[in-house]
1. For region 351-370, state whether one or more residues are surrounded by 12 or more Cβ atoms within 10 Å (Cβ to Cβ), under 21 Å from the mean Cα position of the chain (by Cα) and over 30 Å from F243 (Cα atoms).
2. Of all helices (runs of 4 or more DSSP H) completely enclosed by region 160-251, which ones contain at least 1 residues that are more than 15 Å from ligand 2 (Cβ to nearest atom) and crowded, with 18+ Cβ neighbours inside 10 Å?
3. If a residue must be closer than 30 Å to L194 by Cβ and either over 21 Å from the mean Cα position of the chain (by Cα) or of a type in the set (A, V, I, L, M) (or both), how many such residues does region 25-69 contain?
4. Please enumerate the residues belonging to region 107-139 that are exposed (fewer than 12 other Cβ atoms within 10 Å of the Cβ) and either of a type in the set (V, I, T) or within 16 Å of ligand 2 (Cβ to nearest atom) (or both).
5. Condition first: within 16 Å of ligand 2 (Cβ to nearest atom) and either of a type in the set (V, I, T) or over 20 Å from H225 (Cβ atoms) (or both). Now tell me which residues in region 325-379 satisfy that.
6. With the condition kept exactly as written, say whether any residue in region 141-162 is closer than 30 Å to A35 by Cβ and either more than 16 Å from ligand 1 (Cβ to nearest atom) or at pLDDT 95 or above (or both).
Amino acid sequence: MTQLTAPRETRIGRALEHLRNGSTDEFDVVTPFDAVEYTDPRLAARERNLVFGRVPSIVAHGSEVARAGDFVTLQMPRNKVIVVRQADGVVKAFVNLCRHRGALLEEQEKGSCRVFSCGYHRWAYGTDGSLRAITRDATFGKVDRARYGLVELPCEERHGFVWLVDDATQQIDVAAWLGSPMDEILGGYGLPDLVCYRAEGFDEPVNWKIMQDAFLDGYHIQYAHANTAARHIHTNVMAAEDFGRHCRFIAPRKSIDRWLDEDPNGTSLAPHVTETHFLLPNSTLLRQPDHFELLTFRPHPKDPGRSRMEMRLLVPAVEASGMSDAAWTNLWDKNWQILLDVLHAEDFPLLRSSQAGLESADAGGMLLGRNELANQVFRRELGRLVS
Ligand code: FES
Ligand SMILES: [Fe+2]
């Protein structure tokens, strides 16, 4: 495994060599782990506070809040949140709660507005979080409005994504968190120019780490996805780069097989691979030949046995694609449906069964193999954050 980034075709060549040899990049050790990591409420509290409350994680693509006043709401592990585009183009995040008596301020999952208006006694806030109106204020009494605006959370837009630290007392610096070379890698992908074709969330009775692990796993494809993904993607082959905090790996698609015996001789093999990026703490960004997919995983605010996965399909805008509206919609609808079918029919049932199994009182010790390299990086780095 190399530490510095080699040219892409060189890394693809390394994956092809692994395919020829029946080998893969490997972690240095087999790692034992315990079921309690997926069930312990005290560990879950540490993860909420020391992971999601400290480091940036992706909550949306910028195109989901394209214009001033566009917002999305979400449940972070520590806070209910509103993410909203400001008049000056910056994206801000606020705790989704009215400062009068705590009612949920915005109930819609997404929308566009000029003020947030509370359903309980109709106090109103600007999209910049300022407290604009107290109803019947002559009788309510004197209030220092500057102190009762919405509580702001650290939020930054970078590489096309909206990132958030889920703790109002912290700061955010996405470039520093990504570090080199991941910040440069993401910077080279043109992600701000893509559009989020579709985003959907799935609440599952599964610990978030089991969910995250399944989407860094090239080992299960042939067994869990025999008649779907395994027809197009090779199993247990990766050419990986471990950057210490984040990692990425190239996995060959089966269309690469014609080059097993034939010298590519300068022909790019990029159309024949998927490149997976693990962004600590909770995202898988898949670079496909013609688009990206972003998968994020967030713990439930209370229950270690529950989480929410969000899936986003990021594609070139119709104007940039040279396609008709109908062809463009048809293409990405089909892509979306394939992803959805595999998730619901194949991944989720297995992951629910993992969680159910891990809740056995005498589960016994378990193992992460050397071939499960990205999972090993995830576990190692998460351990650093919570220790
Ligand atoms: S709780 Fe929002 S106005 Fe009273
Ligand atoms: Fe899977």
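The values are calculated or read from the model by the stated rules, or taken from the named source; none is laboratory data. Predicted model only: the values in this text are computed from it and were never measured. Don't worry about glycine lacking a Cβ; one is built from the backbone with ideal geometry, like all the others, and counts go over all protein chains shown.
1. Yes, because at least one residue in region 351-370 is surrounded by 12 or more Cβ atoms within 10 Å (Cβ to Cβ), under 21 Å from the mean Cα position of the chain (by Cα) and over 30 Å from F243 (Cα atoms).
2. 174-178, 182-187, 208-214
3. The number of residues fulfilling the criteria is 11.
4. Answer for region 107-139, where residues must be exposed (fewer than 12 other Cβ atoms within 10 Å of the Cβ) and either of a type in the set (V, I, T) or within 16 Å of ligand 2 (Cβ to nearest atom) (or both): just T139.
5. The answer is I338, V342, F378.
6. For region 141-162, residues closer than 30 Å to A35 by Cβ and either more than 16 Å from ligand 1 (Cβ to nearest atom) or at pLDDT 95 or above (or both): absent.
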